[in-house]
Amino acid sequence: MAEPSLAADAKPWKDATATPFIRIKNITKKFGDFAAVDDITLDIYKGELFCLLGGSGCGKSTLLRMLAGFETPTSGTIEIDGQDVAKIAAFDRPTNMMFQSYALFPHMTVEKNVIYGLLREGVPKAEAMDRVADMLCLVKLQDFAKRKPLQLSGGQQQRVALARSLIKQPKLLLLDEPLGALDKKLREKTQFELIHIQESLGVTFIVVTHDQEEAMTLSTRIGVMKDGKIVQVGEPPQIYEDPNSKYVADFIGSVNMFEGTVDVAVADTLRIKSPEAGIDLLVEPIEGLKVNQSVSVAIRPERIAVTRHKPEGAANIVEGEVEEVAYLGNLSIYCIKLASGKTLKVTKSNLLHDDVPIKWDEKVFLSWSNAAGIVLTT
Amino acid sequence: MTTLQASSPWRKTAALLARFGLTGRMLVIAVPMLWLLVFFLVPFLVVLKISVADPMIARPPYSPLFVDGSIQATIGNYAYMWEDSLYINAYWSSIKIAFFSTVLALLIGYPMSYYIARSPEPKRSLLLLLIVLPFWTSFLLRVYAWIGILKTKGVLNMLLMKFGLINEPLIIMQTDVAVYIGIVYTYLPFMILPLYANLVKLDDALLEASADLGAGPISTFFRITIPLSLPGIVAGSMLVFIPAIGEFVIPALLGGPDTLMIGKILWTEFFANRDWPVASAVAIAMLLLLVIPIMLLRMAQTKGAET
Amino acid sequence: MKRGLFLPIVSFLGFVFLYIPIVSLVIFSFNKSKLVTVWGGWSTKWYGELLNDPQILGAAWISLKIGVVSASLATVLGTIAAMVLTRFGKVRGRGLLTGMVTAPLVMPEVITGLSLLLLFVAMEAAFGWPAGRGMVTIIIAHTTFCMAYVAVVVQSRLVDMDDAIEEAASDLGAQPMRVFFDITLPMIAPALISGWLLSFTLSLDDLVIASFVSGPGASTLPMVIFSKVRLGVTPEINALATLIVVVVAIGISISWFFMRKKVKT
């Protein structure tokens, strides 16, 4: 069954000639006057593990439910493997779904839950039983076949739900917050199991999540959603390092944001006046900016160095006073108040114990390179 | 697509229906819809129609609505009700009896519901079961039991006289007092259940917060508990008031000849006087009386469902 | 602690109030004397008379038949109505159906009875059916008001149920009917059972509606009881009431036992 899985270096979305496996074109879903999904166009490729990421009410679940066939789009088309699925009812679609609540049939055993889809497809009982046994092995539930769902732990129930949704080898598996109901430890472990299963079966996954860490860990690409629209699509590093808007920069990880106006480009640096920062911010130049245009500059907390002595050669240097220090084990978070009154968040990894830790009320220098600042216009 | 499924019997049926422009959904909806239209909605239209017909000595004993293509309607039956003090008195008497029974049921039911809601499990479930249990035995027989208790030579008088509390037996049977007892007794569980459902959701922390802010128990009760349980109070009260208005069995068994209630009047018009048009007019008038209580009940139920 | 005593005392008196009539019926069913106030010693003679009263036995048999048929019909119709109201989304006539399903719950019995009788008379005049009145008309009437109770009970169960479970079955390839029989029905079975039992009890207990829509030769148990007790206390009826209490007590105990067993597994 296994198609060659998506190799780490194969990136069909970068190949203009590759055919998308799922084509979502101008999809809109209105509930009354409210557009839960607003004119989304998105291509997803075979073997991808695509994450739809967004806060509650952003329309990510509605989009997923339209793919599954539980909601009918108000307008737009969805194609799966070249086939328009508009007229195909949920029970006929080549997709399967793993529900947030797992939605296991409480009156059936684990085995009966998993075999249900195969029997509906008309697979002979004996063959179906073999496939169920294989699938239960894959999710390490072979010893629990005769149990009822309520007699299982949360993690086991999650795996039954996964097994049940994978047994029909769907062209597309839709996962609605698949790890949402698990506690943090188990969630981290399960993330990798999920990737492993996805790679070994070669099924295309679309995962809906509100957890940005989960999206970062799991996905080949992330689609960040807001108010029914997709605001950015990209690989996890791209989304993090190169967000295209203040919303994305702020939503993924934490960020320090400065408001400013474009001043002048000198050689390979762009100068941005920012009274909020108290200094002129030097960043790498980007195209399409006009002088005096209002922009925001986003700087990730880990890209800022904090030192007692004025560093040499850094593009941006500003003085401040330590307001808060939070020790988190692997790293520490500093809140540093600038002369302008703005507070910056800086993280520092606790790799070395070589120097005396920086304490409250100390005067410090913050510095970052001109590559650290991300200029955002929206 | 998978061709295996194309031959499933469900699919064949669906295909067959589709040929007549029908979907399975439409058939499913049609079943309860038609039943209720024919046996619930249409009967009211019939009642309405007969209430504007003239009584006749015939089978059926009323004049037809359409004669030679023109409508033959009369408000005579309603005018008759308006003029005869019997009907007006029966109305007032029904409202009075239903109202005071509701107040009594609330006064008894509220502390009971509160007590049950504040009881620890499993005591709470057991008490609740005890409230529901009488539902499952015959209502008619339970009302009948009160005859043996309340009548002049009944259990109550016997006991009271034995303990020397009274010298003469109390005349309760065949009075309005007996009707009050019967109604409160029968509908008390209808008061308790919605109140309980409401009070059990009341967060202890609210009462503690109120006490913490300096309110005494009585002040807390009137300022916090009562306003929060208002949907339960309204729902319970309407569930007592509405059936009490139309009650027939209780006034017939426990009440006397002087006990006037519309349910009893309707029954008499129909069975004893065989005046179907007047009985229908009484029914329509009774329904009008219930419109506001039914709307109150709806509001309380939607509000109760929200919290 | 004034409040500490007030609630238990009021509640205790309330429960006494609820149970005194039932207890007195049971005690006096064993009274040898026909008079309530005179204790004539223990006796089971009223039970003997009850079991030899062909009128009561015949009426009980009729009531049981009507109860079983109307409870079953009401369960089917009420369940369908509940499904339409909770699972079919916005369909045409939804508002009308909601109104018609819940209205019988608050409708005075005298009105329901009168209106159905007038309907049956009009129908007989127009189509010749139902020819006369009797068990069939009582069954129709009872089904109509009982289905409202079933619909309410089943609806609340359906609302509590996670929709995703049915969607999951559909997602795995089950057609709507298949989803209903494989998933929904087993999951709402307890509600169907309570709905059926409630309908059966209501049907068995109804005096007013049955009196309106019944015809000669179809006297139900409540109709016979009513005609007897109107004339005063009848010890035979005490015995009948006691039997009913015993049957209900046994039924409740059995369901209690099964529920406890279910909780354990």
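So the values come out like this:
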{"read-out": "Prolate/oblate/rounded call for chain C, Cα gyration tensor, a/c under 1.5 rounded", "value": "oblate"}
{"read-out": "With eigenvalues of the C-alpha gyration tensor scaled by 5 and rooted, chain A, Å", "value": "46, 25, 17"}
{"read-out": "The range A:138-184 versus the range B:265-279: alpha-carbon centroid distance in Å", "value": "66 Å"}
{"read-out": "Longest exposed-site-free window of chain A, the sites being trypsin sites (Lys or Arg not before Pro) in a DSSP loop that have at most 10 other C-beta atoms within 10 Å", "value": "A:147-289"}
{"read-out": "Anchor B:LYS303: lysines whose Cα lies under 17 Å away (excluding residues fewer than 8 positions away in-chain)", "value": "B:LYS201"}
{"read-out": "R0 of 56 Å, Cβ-Cβ distance C:ASP163-C:VAL38: FRET efficiency to nearest 0.05", "value": "0.30"}
{"read-out": "Qualifying chymotrypsin sites (Phe, Trp or Tyr not before Pro) for the range C:1-83 [loop in DSSP, other Cβ within 10 Å: at most 15]", "value": "C:TRP39"}
{"read-out": "Selection from B:LEU159, B:ILE88, B:ILE192, by position along the positive dipole direction of the range B:80-306 (Cβ)", "value": "B:LEU159"}
{"read-out": "Neighbour cut-off at most 12 other Cβ (10 Å), DSSP loop, GluC sites (Glu not before Pro), the range A:308-378", "value": "A:GLU312"}
{"read-out": "Around C:ALA218: net Lys/Arg minus Asp/Glu count, Cβ-Cβ under 12 Å", "value": "+2"}
{"read-out": "FRET efficiency, A:ILE195 to B:ARG118 (Cβ-Cβ, R0 41 Å, nearest 0.05)", "value": "0.20"}
{"read-out": "Net length gained if the chain between A:ASP84 and A:THR41 were fully extended (0.36 nm per residue, minus Cα distance)", "value": "14.0 nm"}
{"read-out": "Expected-Rg normalisation [2.2 N^0.38 Å, Cα atoms] applied to the range A:254-370", "value": "1.11"}
{"read-out": "Over 28 Å between alpha carbons, listed pairs A:LYS148/A:LYS189; B:LYS264/C:LYS228; A:LYS229/A:LYS337; B:LYS12/C:LYS90; A:LYS310/A:LYS337; A:LYS226/A:LYS363", "value": "A:LYS229/A:LYS337; A:LYS226/A:LYS363"}
{"read-out": "Nearest 10 degrees, 0 to 90: helix C:185-205 Cα axis against chain C principal axis", "value": "30 degrees"}
{"read-out": "Given charges at Cβ of Lys, Arg, Asp, Glu: the range A:254-370 dipole, positive-most of A:PRO311, A:VAL262, A:ASN370", "value": "A:VAL262"}
{"read-out": "Contact order normalised by residue count of the range A:1-135, Cα under 8 Å, 6+ apart, percent", "value": "20 percent"}
{"read-out": "Number of Lys pairs (Cα under 26 Å; 8 or more positions apart or on different chains) in the range A:1-134", "value": "18"}
{"read-out": "Net charge over other residues, Cβ less than 14 angstrom from the Cβ of A:PRO73 (K, R count +1; D, E count -1)", "value": "+2"}
{"read-out": "Nearest-ten-degree value, helix A:184-201 long axis tilted from longest Cα axis of chain A", "value": "60 degrees"}
{"read-out": "Dipole in debye (nearest 20) - the range A:238-375, about Cα centre, beta carbon charges: Lys, Arg +1; Asp, Glu -1", "value": "160 debye"}
{"read-out": "Kyte-Doolittle mean at least 0.5 and Cα axial length at least 30 Å: DSSP H helices in chain B", "value": "B:85-118, B:176-199, B:276-306"}
{"read-out": "Percentage relative contact order, the range B:80-306, counting C-alpha pairs under 8 Å, at least six apart", "value": "28 percent"}
{"read-out": "Qualifying chymotrypsin sites (Phe, Trp or Tyr not before Pro) for the range B:116-184 [loop in DSSP, other Cβ within 10 Å: at most 10]", "value": "B:PHE163"}
{"read-out": "Shape call, the range C:4-97: gyration tensor on alpha carbons, a/c limit 1.5", "value": "oblate"}
{"read-out": "Rg over Rh [alpha-carbon atoms, Kirkwood Rh] for the range A:1-105", "value": "0.97"}
{"read-out": "Degrees, to the nearest 10: A:125-138 long Cα axis against longest axis of chain A", "value": "20 degrees"}
{"read-out": "Mean Cα-pair separation over length for chain A, i.e. relative contact order, pairs under 8 Å, 6 or more apart, %", "value": "15 percent"}
{"read-out": "Theoretical gain in end-to-end length, A:LEU186 to A:SER153 [0.36 nm per residue, Cα-Cα removed]", "value": "10.7 nm"}
{"read-out": "Approximate spin-label separation A:LYS337-A:ALA18, in nm, with each point projected 7 Å along Cα-to-Cβ", "value": "5.1 nm"}
{"read-out": "Between the range C:164-181 and the range A:19-56, the alpha-carbon center distance in angstrom", "value": "24 Å"}
{"read-out": "Approximate spin-label separation B:ALA73-C:PHE88, in nm, with each point projected 7 Å along Cα-to-Cβ", "value": "3.1 nm"}
{"read-out": "Dipole magnitude of the range C:79-222, debye to nearest 20 (Cβ charges: Lys/Arg +1, Asp/Glu -1, about Cα centre)", "value": "380 debye"}
{"read-out": "Computed magnitude of the charge dipole of the range C:146-222 (debye, nearest 20; Cβ of K, R +1, Cβ of D, E -1)", "value": "360 debye"}
{"read-out": "Partner chain coverage, peptide A:172-181 - average Cβ within 10 angstrom", "value": "0"}
{"read-out": "Ellipticity estimate at 222 nm from DSSP helix runs (n ≥ 4, -39,500 (n - 2.57)) divided over chain C, nearest 500", "value": "-26000 deg cm²/dmol"}
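Taken together, the values in this text are just the output of simple stated rules run on the coordinates, not laboratory data. Bear in mind the structure is a predicted one, so any value in this text is a computation, not a measurement. Glycine also receives a Cβ, built like all others from the backbone with ideal geometry; neighbour counts cover every protein chain displayed.
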